[in-house]
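Read the figures in this text as sums done on the coordinates, not as results from a lab. Note that the structure is a prediction, hence the values are computed from the model and not measured. Here the Cβ is made from the backbone with ideal geometry for all residues, glycine too, and neighbour counts use every protein chain on show.
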Amino acid sequence: MREFSLEGKVALITGGGRGLGRGIALALAEAGADVVVASRTLGELEAVAEEIQAKGRRALVVTGDVSVPQDARRMVEEAAGWQARLDVLVNAAGVNKRLPSLEVTEEEWDWILGVNLKGTFFVSQAAGEVMVQQGGGSIINIASLLSAVGIPTLAPYAASKTGVVGLTRVLAAEWGPHGVRVNAIAPGYFRTKMTERLFSDPEWVGRLKRQVPLGREGFPEDLGGAAVFLASDASRYVTGQVIYVDGGYLATREA
Ligand code: NAP
């Protein structure tokens with residue numbers, strides 16, 4: 001179906017150097033997009049850029065810290081200046097640390113909210129400016145199960161990811177009239193560096209697999225379909241939504 005094609009589009013993926021951001025970057029390239037990958041680690045970005053080029057697409061690397069608004073704006077400007085357009089932004093840069101709420105420090109709170117929520121907002125603000133002027137675009141925020149349920153030891157992360165859903169709805173309302181769509185993907189449990197420690201516990205993995213109707217954890221390539229859908233014209237009448245890609249985990253309970 002031609003509507004799913006991203007040919008001629010330019011996409012910026014924050015957190016594109018590894019994990020879910022890398023998986024989404026490769027999926028968008030596969031669907032035809034030229035891709036800009038952004039994070040703080042040049043070596044990881046360069047490796048992903050090579051993988052994108054191997055698919056016959058153009059790739060650009062930009063480095064910076066999304067939690068610093070000046071960096072966020074510069075990264076968007078570099079991405080949008082590359083081919084004089086920016087069609088897709090995926091806010092996948094994110095951090096987490098599991099801590100009982102009684103032990104969370106101000107520094108930890110500011111770090112997690114700074115990257116996940118403040119970063120998502122200021123990168124979106126800079127990209128929204130370009131997209132509104134351009135008359136269209138698609139922003140995809142990466143939310144979480146923690147946008148919908150409470151799990152112990154994840155207070156700052158849950159606050160940030162619930163906030164991301166709020167931003168998604170407000171920006172969809174503000175920028176919809178300009179043809180800019182804003183949606184979120186909420187992944188379940190995926191194997192990445194962020195979840196390495198959880199997945200090193202075989203008992204936890206066994207319990208997870210029993211609780212997920214599709215019987216397994218997620219892998220970064222499992223997000224590609226949802227990301228291509230939301231980035232492409234196939235989703236032209238979809239905005240302000242959250243798509244849970246979690247193997248059915250959130251919607252179900254063991255009997
Ligand atoms: P990951 O492998 O640790 O990747 C995180 C990415 O974010 C890296 O590229 C990292 O690069 C980048 N990043 C972190 N801090 C940054 C900063 N200040 N500025 C710019 N880039 C920064 O984790 P992941 O699992 O792929 O997570 C990606 C997103 O999915 C996050 O938003 C996470 O909350 C969300 N998520 C993950 C899961 C899961 O099960 N894995 C589930 C739900 C949601 P540098 O450190 O080099 O900057």
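How do K118, K161, K97 rank when sorted from fewest to most other Cβ atoms within 10 Å of their own Cβ?
So the ranking, lowest neighbour count to highest, is K97, K118, K161.
Using the beta-carbon distance between E3 and Q83 and R0 = 25 Å, what value does 1/(1 + (r/R0)^6) give for FRET efficiency, to the nearest 0.05?
Computed FRET efficiency for E3 and Q83: 0.70.
Working from Cα positions, state the angle (0 to 90°, nearest 10) between the long axis of helix 120-134 and the longest principal axis of the chain.
30 degrees
State which entries of K118/K193; K55/K193; K118/K209; K97/K209; K97/K118 exceed 28 angstrom in Cα-Cα distance in the structure shown.
Too far apart for the 28 Å limit: K118/K209.
Where the eigenvalues come from the Cα gyration tensor of the chain, what are the semi-axes √(5λ) of the equivalent ellipsoid, largest first, in whole Å?
28, 20, 18
Would you please classify the overall shape of segment 69-171 from the alpha carbon gyration tensor, given that a ≥ b ≥ c denote the square roots of the eigenvalues, rounded means a/c under 1.5, and beyond that prolate means a/b larger than b/c while oblate covers the rest?
Judged from the Cα gyration tensor, segment 69-171 comes out prolate (a/c at least 1.5, a/b above b/c).
Give the range of the longest stretch in the chain that excludes all GluC sites (Glu not before Pro) found in loop regions by DSSP and having at most 14 other beta-carbon atoms within 10 Å.
8-253
Using only Cα atoms, find the angle between the long axis of helix 155-175 and the longest principal axis of the chain, and express it within 0 to 90 degrees, rounded to the nearest 10.
That works out to roughly 30 degrees.
Helix-only mean residue ellipticity at 222 nm, the chain, DSSP H runs n ≥ 4 weighted -39,500 (n - 2.57), per residue, nearest 500. What is it?
After summing the helix terms and dividing by the residues of the chain, the value is -12500 deg cm²/dmol.
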